[in-house]
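Read through the structure below, which is laid out as structure tokens, and then see the notes.
No value in this document is a laboratory result; all are computed from the given coordinates. On a predicted model such as this, the values are computed, not experimentally measured, just so you know. We place every Cβ from the backbone using ideal geometry, glycine too, and count neighbours over all the protein chains shown.
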Amino acid sequence: MPGANPFPTDEILREFLRTRILPILAVDRGRVELARADAAAGRVVLRYAASCAGCPGLGVTHAEVVEPLLRGEFPAVTTVDALIEGEKNGPVA
């Protein structure tokens, strides 16, 4: 059924990150923000900062906590990539 799971707007994604993901990361002084979203590709790119930027567990947190929560809430999101604040290369997780 077309449109059953529409891709979320940037505003909705930012609100989800603020209310559902940031509190989890803030326990360890981490931060996350929406870097970009591509509805056509079903892709969301998140930028991790603060203590997340230097955390050796970021890959696990991203893959086992953040990505499942985001994809579970928004089925139209098929890919969730991660960037680290200050790095200009491609996704890290």
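What number, rounded to the nearest 500 deg cm²/dmol, is the helix-based mean residue ellipticity at 222 nm of the chain, given -39500 (n - 2.57) per DSSP H run of at least four residues and division by all its residues?
Value at 222 nm, helices only, nearest 500: -5500 deg cm²/dmol.
How much of the DSSP beta bridge set in the chain is antiparallel, as a percent to the nearest 5?
Approximately 55 percent, going by the DSSP bridge assignments.
State the volume of the convex hull built on the alpha-carbon positions of the chain, expressed per residue in Å³ and rounded to an integer.
Convex hull of Cα atoms, per residue: 86 Å³.
Considering Cα pairs under 8 angstrom that are at least six residues apart, work out the relative contact order of the chain and quote it in whole percent.
28
If you stretched the chain out fully between Arg14 and Thr79, how much longer would it get, using 0.36 nm times the residue separation minus the C-alpha to C-alpha distance?
Result for the pair: 21.8 nm of gain on full extension.
So how strong a dipole does the chain carry about its Cα centre when Lys and Arg Cβ are +1 and Asp and Glu Cβ are -1, to the nearest 20 debye?
Here the chain has a charge dipole of around 80 debye.
Modelling each spin label as a point 7 Å along the Cα-to-Cβ direction, I'd like the Leu34/Ser51 distance in nm, to one decimal.
Going by the 7 Å Cα→Cβ label model, 2.7 nm.
Tally Lys/Arg at +1 and Asp/Glu at -1 over every other residue whose Cβ is under 12 Å from the Cβ of Asp38; what's the total?
0
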